[in-house]
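The structure under discussion appears below in the form of C-alpha cells.
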Amino acid sequence: MSTATLNPGEEAQLLQTIEMFEVIVQSQPSDCQSLEILKEAYTKLGREADVIRTSKRIAEAYTQMGQLSSAILEYETVLQRRPNDEDVQTALRKIEDTASSAASQSVAEPAALAPLADSGTRFKRKGHSGEDGEVEDGQKTMRKIFVDNKFISAGDFDLCWRPADLTQPPQDVKEPFIQLLHEKNIFTIEKSLRLLTDKSRTGFLPLERYDVDIELLRGFPADVCRRWCVAPFDKMSKAILVATANPFNQQAAKELSEATSLRLLWYLVMPSELVTLIRKAFR
C-alpha cells in the first residue's frame, strides 16, 4: 500500500497509530514489536527517513537485549536502502567485535536461565496443558511473580485468583486477577502493571485512547474473549494486536490463534478498559 492508494480514513488511522506507538516506545524503548508496528505505518505513508530511523531503533533494541543475529538482519535491511550509511556500518563492526569477544570466552561457563517472559509472553502454540494436565493459564508464573517475590501473601493470591470454568460458556467477562487485587486493596493496578510489564517485557498500551476495531473483535469467539479477558483490537498487516491483563496465559493464546492464521501481538492494558470493551463487543 502506498500513499497514493490510501484514502483519508486510512491515512488518519495510520497517523493515530504512529502517535500512539511513539508514546509507547518512548517509555519502553526495547519494545521491538511496537517499533515494528511503527516502521510499517511509516512505510505505508511513504516516510522513508522515519522508516530508516525506526529500523535503527529496532536494531539497537535487539543489540541491547543480546539478540545479535536479529540486530544484524535489521541493520542489513537499512543497508539495502542506504548502502553507505556510516552509522549502520559502525554498529555492525561493534556487533562483530562483541560476537568475537563472546566466542573467545570459555564455552564451559553455564548458560544463563531463560528470561521469565519466555514462558509466557511468546505464547507457545503447541499444546496448552502441562505434564500434570493443568491448563496453562499463567497461574504458576503469576504466583511466582507476586507471591515468591513477597509482593502479596499466598492467601491473598488464592483469594483473588479465580480459575476459569471450562465446562460452561461464560455469561460475562471474567475479571482479571490484578483488577481483583486492586478492588480488595491488596495491590494497586498501577503497581501490578509496572511489575508485569517489567517481568513479561510486554508493552503497555492506553486502550481508551486507541481507535479499536470493534468488528475485528467480534470476529473472534465471544466465549474465549470473556473467559480469559482478552480482546483482539486491531490488525496491522499480518498481525493482530491483542489486549490482555495476564501476559502469561498460554491457553488464551492457543484458543485465539485457532481463530486466525495471523500472528498475535500482545499488549498489557488497564483491566477496567479491557472489561468494558469486551462487554461492549459482546452484549
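The values are calculated or read from the model by the stated rules, or taken from the named source; none is laboratory data. None of the values given here were measured: they were computed from a predicted structure. Neighbour counts run over all protein chains shown; Cβ positions are idealised from the backbone, glycine included. We work out accessible area using only protein heavy atoms, side chains counted, and drop any ligands, DNA or RNA first. Shrake-Rupley method; radii C 1.70, N 1.55, O 1.52, S 1.80 Å.
Counting only protein heavy atoms and using a 1.4 Å probe, the accessible area of Leu265 comes to about 10 Å². Taking the Cβ of Tyr267 as the center, what net charge do the other residues with Cβ under 11 Å away carry, scoring Lys and Arg +1 and Asp and Glu -1? My count for the surroundings of Tyr267 gives -2.
Count charges around Glu22 for me, please; just the other residues with Cβ under 14 Å from its Cβ, Lys/Arg as +1, Asp/Glu as -1.
So the environment of Glu22 carries a net charge of 0.
Only beta bridges with both residues in the chain are counted; by DSSP, about 45 percent of them are antiparallel. In this structure Arg47 has an accessible area near 90 Å², from a 1.4 Å probe over the protein heavy atoms.
Once all protein chains are placed together, Thr167 keeps about 110 Å² accessible to a 1.4 angstrom probe.
Would the chain count as rounded, prolate or oblate if I go by the C-alpha gyration tensor, calling it rounded below 1.5 in a/c and otherwise prolate when a/b exceeds b/c, oblate otherwise? Display every interim value, and only then the final one.
Working: a/c = 2.11, a/b = 1.29, b/c = 1.63.
Because a/c hits 1.5 or more and a/b fails to exceed b/c, the chain counts as oblate.
What order do Lys238, Lys39 take when sorted by accessible area (1.4 Å probe), most exposed first? Please list the in-between numbers first.
On the way: Lys238 155, Lys39 40 Å².
Ranked from most to least accessible, the order is Lys238, Lys39.
Distance between the C-alpha centers of the range 210-246 and the range 1-79? Whole Å please. Taking the Cα centre of each part, the range 210-246 and the range 1-79 sit 22 Å apart. In the chain, the calculated helix contribution to ellipticity at 222 nm averages -15500 deg cm²/dmol per residue, counting -39,500 (n - 2.57) for every DSSP H run with n ≥ 4.
Using the structure shown, list the pairs from Lys150/Lys199; Lys140/Lys254; Lys56/Lys254; Lys144/Lys235; Lys144/Lys184; Lys39/Lys199 with a Cα-Cα distance above 23 Å, or answer none.
Details: Lys150/Lys199 15 Å; Lys140/Lys254 17 Å; Lys56/Lys254 32 Å; Lys144/Lys235 33 Å; Lys144/Lys184 20 Å; Lys39/Lys199 25 Å.
Too far apart for the 23 Å limit: Lys56/Lys254; Lys144/Lys235; Lys39/Lys199.
Name the shape class, rounded, prolate or oblate, that the alpha-carbon gyration tensor gives for the range 141-214, where a ≥ b ≥ c are the square roots of its eigenvalues, rounded holds for a/c under 1.5, and otherwise prolate holds if a/b is larger than b/c and oblate otherwise.
Details: a/c = 1.88, a/b = 1.13, b/c = 1.67.
Because a/c hits 1.5 or more and a/b fails to exceed b/c, the range 141-214 counts as oblate.
Just to confirm a number: summing +1 for Lys and Arg and -1 for Asp and Glu over residues other than Pro170 whose beta-carbon lies under 9 angstrom from that of Pro170, what do you get? Cβ neighbours under 9 Å give a net charge of 0. Sorting Ser70, Ser257 on solvent-accessible area from highest to lowest, probe radius 1.4 Å, gives Ser70, Ser257.
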